[in-house]
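Peer 1: Okay, handing you the structure first.
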Amino acid sequence: MSEFHHVSVLLEECIQGLNIKPDGIYVDGTLGGAGHSSRIAAMLTTGRHIGIDRDPVALKAARERLAPYADRVTLVHSNFCEIAQVLRDLDIPGVDGILLDLGVSSPQLDDGERGFSYMVDAPLDMRMNNEDALSAHDVVNTWSHEELKRILYEYGEERYAPQIASAICRRRETAPIETTLELVDVIRSAMPPAALREKQHPAKRSFQAIRIAVNDELGAVEKVMKDAIPLLNPGGRLAVITFHSLEDRIVKSAMAAAAKGCTCPPEFPVCVCGKKPQVKILTRKPIVSGPEELERNPRARSAKLRICEKL
């Protein structure tokens, strides 16, 4: 097991965007290696910080890193989309800031045993929480051709989704596909030579799609965006970092809807729904990493930060 060390993306921008108050209550719904959380906790005096992660390995590492702030930090093993239930269990009616850093953390990618990487041979797993029932092995070996084609196309935006789904189904008829590099071979076999010569690894999009399906990542983002905004106190802020267009679309759309309020059709002369704006958007365009951060951490290249404030 490799040490859980994750380089926090857009760290300064997140801290500034959350507008930390020393007596505030803050939630990091995707604790990871606690890079963001350690900065938040250090700024609190009488405040409280709640860190949530579905990965027990991340929680263990975060507990060690946050030990100096143990008097003001509460760690919870849960999925970030269960934030409303977590706060109910802690008897916290409202918070002053919520941070969500979506996607897979570097240690999950780099630890070969976890099966996230298409560069290292490992059992097909990809579970962010190893206590979950569904694994990549199940998806690849038991899901129908139609379902495989759908997730590859929708979640991976993979243009060769039908061919790859067919190749997976053919291979597993003789024996189950057991490892990551076996799956990479199957994916390569289904793609034309021109696609194999592209700069991007041929299995990248398919692995992303399967990982999203295993962990229900998009469903979790939709749920948390619905639940998080009502949990904010007036003036409280929600900061969300996304790493691909599917997540970003959900976040952007949810923030825009909460900022608009009224859901009446445009042709209505007056509002009859009575819905008022809940937030103001502080980032008309998403914040992205600058050249210095990209040099330090190339994985930050696709990161986008969006922030809104509760009215």
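The values are calculated or read from the model by the stated rules, or taken from the named source; none is laboratory data. Every value quoted in this text rests on a predicted model; they were computed, and no experiment measured them. Glycine gets a Cβ as well: all are built from the backbone with ideal geometry, and neighbour counts include every protein chain shown. Ligands, DNA and RNA are stripped out before the accessible areas are found, and what is left, the full protein with its side chains, is counted by its heavy atoms. Shrake-Rupley method; radii C 1.70, N 1.55, O 1.52, S 1.80 Å.
Peer 1: Having 3 or more residues that are under 19 Å from the mean Cα position of the chain (by Cα) and within 25 Å of Glu82 (Cα to Cα) is the bar; report the strands (runs of 3 or more DSSP E) wholly within the stretch 231-311 that clear it.
Peer 2: By residue number, 232-242, 304-310.
Peer 1: Report, ordered by the first and then the second residue, all pairs with beta carbons closer than 6 Å, sequence separation of six or more or different chains, a first member in the stretch 175-198 that is modelled with pLDDT of 95 or more, and a second member that is of a type in the set (Val, Ile, Thr).
Peer 2: Ile177/Val140; Leu183/Ile177; Val186/Ile168; Ile187/Ile164; Ala190/Ile164
Peer 1: Confirm whether Ile15 is within 29 Å of Lys285 (Cα to Cα) and either part of a loop (DSSP other than H, G, I, E, B) or in contact with a Gly (Cβ under 8 Å, 6 or more places away or on another chain) (or both).
Peer 2: Considered against the rule, which asks whether it is within 29 Å of Lys285 (Cα to Cα) and either part of a loop (DSSP other than H, G, I, E, B) or in contact with a Gly (Cβ under 8 Å, 6 or more places away or on another chain) (or both), Ile15 comes out as no.
Peer 1: Still on this structure, please answer the following. Which of (1) surrounded by fewer than 16 Cβ atoms within 10 Å (Cβ to Cβ); (2) of a type in the set (A, V, I, L, M, F, W, C); (3) in contact with a Phe, Trp or Tyr (Cβ under 9 Å, 6 or more places away or on another chain) does Ala67 not meet, given it meets every other one?
Peer 2: Result: Ala67 passes all but (3).
Peer 1: Hey, among the residues in the stretch 70-90 that are in a helix (DSSP H, G or I) and open to solvent by less than 30 Å² (accessible area, probe 1.4 Å), which one's nearest to Met128 (Cα to Cα)?
Peer 2: Applying the filter and picking the extreme gives Phe80.
Peer 1: Would you check if Val7 is among the hydrophobic types (A, V, I, L, M, F, W, C), open to solvent by 20 Å² or more (accessible area, probe 1.4 Å) and under 19 Å from the mean Cα position of the chain (by Cα)?
Peer 2: yes
Peer 1: Pairs, please: C-beta under 9 Å, at least 6 apart or cross-chain, first residue closer than 16 Å to Leu102 by Cβ and in the stretch 113-129, second exposed (fewer than 15 other Cβ atoms within 10 Å of the Cβ)?
Peer 2: Asn129/Pro56
Peer 1: Please go through the stretch 91-113 and pick out each residue that is open to solvent by less than 50 Å² (accessible area, probe 1.4 Å) and either β-branched (Val, Ile, Thr) or modelled with pLDDT of 90 or more (or both).
Peer 2: Matches in the stretch 91-113: Ile92, Gly94, Val95, Asp96, Gly97, Ile98, Leu99, Leu100, Asp101, Leu102, Val104.
Peer 1: Next up: For residues that are in a helix (DSSP H, G or I) and β-branched (Val, Ile, Thr), scanning just the stretch 104-161, find the one that is nearest to Ser78 (Cα to Cα).
Peer 2: Per the criteria, the residue is Val139.
Peer 1: Among the residues that make up the stretch 260-277, is at least one of them of a type outside the set (Lys, Arg), closer than 29 Å to Val9 by Cβ and open to solvent by less than 50 Å² (accessible area, probe 1.4 Å)?
Peer 2: Checked against the condition, which is being of a type outside the set (Lys, Arg), closer than 29 Å to Val9 by Cβ and open to solvent by less than 50 Å² (accessible area, probe 1.4 Å), the stretch 260-277 yields no hits at all.
Peer 1: Give the residue, chosen from Pro176, Pro162, that is of a type outside the set (S, T, N, Q), surrounded by fewer than 20 Cβ atoms within 10 Å (Cβ to Cβ) and more than 17 Å from Asp125 (Cβ to Cβ).
Peer 2: Pro162
Peer 1: Could you look through the stretch 230-253, keep only residues that are farther than 14 Å from Leu99 by Cβ, hydrophobic (A, V, I, L, M, F, W, C) and in contact with a strand residue (DSSP E or B) (Cβ under 9 Å, 6 or more places away or on another chain), and pick out the one that is modelled with the highest pLDDT?
Peer 2: Per the criteria, the residue is Ile250.
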